[in-house]
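Colleague: Pasting in a structure now, in structure tokens, and then I'll have a few things to ask.
The values are calculated or read from the model by the stated rules, or taken from the named source; none is laboratory data. The structure displayed is predicted, hence computed values, not measured ones. Methodologically, a virtual Cβ is constructed for each residue, glycine included, from the backbone with ideal geometry; neighbour enumeration extends over all protein chains shown. Surface accessibility is based on the protein's heavy atoms, side chains included, excluding ligands, DNA and RNA. Shrake-Rupley method; radii C 1.70, N 1.55, O 1.52, S 1.80 Å.
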Amino acid sequence: MRDDGSDSVLSAWLAQHSGADSVVIRSQRRLGGGAVQDNRLLEVVVTGGPMAGEQRWVLRSDARAPLAISASRQEEFAVLERAWRHDIQVPEPLWMCEDSSVLGRPFMVMRHVAGEASPRALVAQAGDGALESLVEALGAELARIHALPRTSNEGHERVDVVSTQLADFHVRLAQLDQPQPVLAWALRWLECHPPASAQPVFAHNDFRTGNLMIDDGRLEAVLDWEFAGPNAALADIGWFCAPCWRFGGPGEAGGLGSIDAFLRGYENAGGEHVDREQLDKWIILATLRWAVIALEQGARHDSGVQPDLELALTSHLLPGLELDLLRLIPVAAGIDPASLPSSSDQADPHATEHSLPIAWEALSALNDDARDLMEITRQTLKSEIIPALEGEARHSALMVANALSIIARQQYRGVSIWGEVRETLAQQLSLPMEAEDSHAGARALVDDISRGARDTPEQFEALRHLLREDALARARISQPRAAQQ
């Protein structure tokens, strides 16, 4: 567990804090889904003291390159203790360690909670309204979270959380290496049509399928509290209901069930009445927020600070999130949707490997052998290796298969997508084309959008069409299913 591989110091620390004569770490394994924090299941044997016997604990520590917006482990542990005292469904917080000599970094220990948290496994159970009662219970639990008393250092003055978040997105997008026209377009729409201001509550800020431990249709624990803090109540509700957290499930509420059931549970448990028009705006804001976070997580990998396959794949979610934004944002008033250009959501059904765009033909020919090799590797992995794996090993192998699929499609279609459309954008929108900087047109477009130079309904809707064509082209490489929705 320590960076030097020794568990003896950790075992001694656990024994001291559990009041035991000794603690033997019998096994440890990394738990899936910890892209921001590192979570490990410890199976231990405790000798002596009030916890004597076999125990299962979860050790949670910082990842090598934590997000700046994530709370420290000390702060998260304090939040968990507060939630536990107020009977919120959370893992029991046991101990906090701030001594770097034990593990090399701060960590917290919680009691392990049994159940299923995998989003894909949960949404697979959601057909025919099977999880409506669970979804209603989730709404009720979120209302109880929002009723938690706020501490003095969290502030109680009325803050415009919407303006604060939109300004924050501006700063974070500007810090990324590549310009993001679709996100700038969505951000501009939110600035012109912001959600109504609201009194902040104590919010979880990552309440979604994947952070909920479910056992036999019942909520056992709400996980991952590192983003908790003051926010609008609708921020949590919009996050839970955003398309990006449905994981292909049939329900609009986390892929698990109906928004009606979720809101019914929320309001019946004392939560504020939810205006559906306002909720729609918060769903758009939630989608933009996740797109920004996904890019930041990809940057953690790209920077070399935390090389990680899961982080690398996260940035490939962007085209699907862009398509969600382009679909969720309503057409401007006074514009007839029937008059807008239409896009082909799918590749030509008659296209073959021999009917590629001319610009890709040579690349495709050069890469045939590489594509074939990657494809047989991926098929072998999926048919022979993954079925024999369990837990984190299976999760990692599925990520490898996904990465191989993306690489194969890049080999087939070419890597540079913005280059395929920037000439059209330059001609239609009078943007610069600089050979030395392939992103010059995108930067100029982002600048135009941000300062309101394309705010007229006609210009804004023309941008929607062109940006959607670009997002579709990239989605066909990294997220084919998103391109078909």
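Colleague: One residue is enough: does the range 89-98 have a residue meeting the conditions more than 28 Å from Leu31 (Cβ to Cβ) and open to solvent by 50 Å² or more (accessible area, probe 1.4 Å)?
Modeller: Taking every residue of the range 89-98 in turn, none turns out to be more than 28 Å from Leu31 (Cβ to Cβ) and open to solvent by 50 Å² or more (accessible area, probe 1.4 Å).
Colleague: Additional query: I'd like to know if the range 152-160 contains one or more residues that are of a type in the set (S, T, N, Q) and either buried (at least 20 other Cβ atoms within 10 Å of the Cβ) or closer than 28 Å to Phe262 by Cβ (or both).
Modeller: no
Colleague: Return the total of residues in the range 264-282 being among the aliphatic types (A, V, I, L, M) and either open to solvent by 10 Å² or more (accessible area, probe 1.4 Å) or in a loop (DSSP other than H, G, I, E, B) (or both).
Modeller: Here the count works out to 2.
Colleague: In a helix (DSSP H, G or I) and over 23 Å from Ser478 (Cα atoms): is that true of Glu226 in this structure?
Modeller: No, not satisfied.
Colleague: Could you grab me the full set of residues in the range 14-24 that are open to solvent by less than 30 Å² (accessible area, probe 1.4 Å) and out of contact with any Gly (no Cβ under 7 Å at 6 or more places or on another chain)?
Modeller: Listed by number, the residues that qualify are Leu14, Ala15, Val23.
Colleague: Output yes when any residue across the range 212-219 is under 26 Å from Arg73 (Cα atoms), over 20 Å from the mean Cα position of the chain (by Cα) and part of a loop (DSSP other than H, G, I, E, B), and no when none is.
Modeller: No, the range 212-219 contains no residue that is under 26 Å from Arg73 (Cα atoms), over 20 Å from the mean Cα position of the chain (by Cα) and part of a loop (DSSP other than H, G, I, E, B).
Colleague: Tell me whether the range 440-447 contains one or more residues that are surrounded by fewer than 16 Cβ atoms within 10 Å (Cβ to Cβ) and within 20 Å of Gln178 (Cβ to Cβ).
Modeller: yes
Colleague: Could you figure out which of (1) under 27 Å from Leu311 (Cβ atoms); (2) open to solvent by less than 40 Å² (accessible area, probe 1.4 Å); (3) among the hydrophobic types (A, V, I, L, M, F, W, C) isn't true of Ile69?
Modeller: Of (1) under 27 Å from Leu311 (Cβ atoms); (2) open to solvent by less than 40 Å² (accessible area, probe 1.4 Å); (3) among the hydrophobic types (A, V, I, L, M, F, W, C), only one is false for Ile69: (2).
Colleague: In addition: Determine whether Asp160 is under 19 Å from the mean Cα position of the chain (by Cα) and either at pLDDT 95 or above or at negative phi (or both).
Modeller: Judged against the criteria, Asp160 is not a match.
Residues are listed down the side, and each one gets a yes or a no for (1) outside any helix (DSSP H, G or I); (2) closer than 29 Å to Arg464 by Cα; (3) open to solvent by 30 Å² or more (accessible area, probe 1.4 Å):
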{"site": "Thr164", "(1), (2), (3)": "no, yes, yes"}
{"site": "Val171", "(1), (2), (3)": "no, yes, yes"}
{"site": "Asp177", "(1), (2), (3)": "yes, yes, yes"}
{"site": "Val182", "(1), (2), (3)": "no, yes, no"}
{"site": "Gln199", "(1), (2), (3)": "yes, no, yes"}
{"site": "Pro230", "(1), (2), (3)": "yes, no, yes"}
{"site": "Ile237", "(1), (2), (3)": "no, yes, no"}
{"site": "Phe247", "(1), (2), (3)": "yes, yes, yes"}
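Colleague: Restricting the search to the range 430-467, which residues are among the basic types (Lys, Arg), modelled with pLDDT of 90 or more and assigned to a helix (DSSP H, G or I)?
Modeller: Arg464, the sole residue that qualifies.
Colleague: Turning to a different aspect of this structure: In the range 453-485, what residues are open to solvent by less than 20 Å² (accessible area, probe 1.4 Å), of a type outside the set (A, V, I, L, M, F, W, C) and more than 24 Å from the chain's Cα centre (by Cα)?
Modeller: Within the range 453-485, Glu461 is the sole residue that qualifies.
Colleague: Out of (1) hydrophobic (A, V, I, L, M, F, W, C); (2) in contact (Cβ under 8 Å) with a residue 12 or more places away in the chain; (3) open to solvent by 50 Å² or more (accessible area, probe 1.4 Å), the odd one out for Ala221 is which?
Modeller: Answer for Ala221: the failing condition is (3).
Colleague: Can you confirm whether the range 26-37 contains a residue that is modelled with pLDDT of 90 or more, touching a strand residue (DSSP E or B) at 6+ places or on another chain (Cβ under 9 Å) and buried (at least 19 other Cβ atoms within 10 Å of the Cβ)?
Modeller: Scanning the range 26-37 turns up no residue that is modelled with pLDDT of 90 or more, touching a strand residue (DSSP E or B) at 6+ places or on another chain (Cβ under 9 Å) and buried (at least 19 other Cβ atoms within 10 Å of the Cβ).
Colleague: Quick check: anything in the range 122-130 on the phi > 0 side of the Ramachandran plot, not hydrophobic (A, V, I, L, M, F, W, C) and not in a loop (DSSP other than H, G, I, E, B)?
Modeller: yes
Colleague: Also, I was wondering about something else. Sort through Ile88, Ile25 and tell me the only one that's of a type in the set (Val, Ile, Thr), outside any helix (DSSP H, G or I) and within 24 Å of Ile145 (Cα to Cα).
Modeller: That would be Ile88, the only listed residue that is of a type in the set (Val, Ile, Thr), outside any helix (DSSP H, G or I) and within 24 Å of Ile145 (Cα to Cα).
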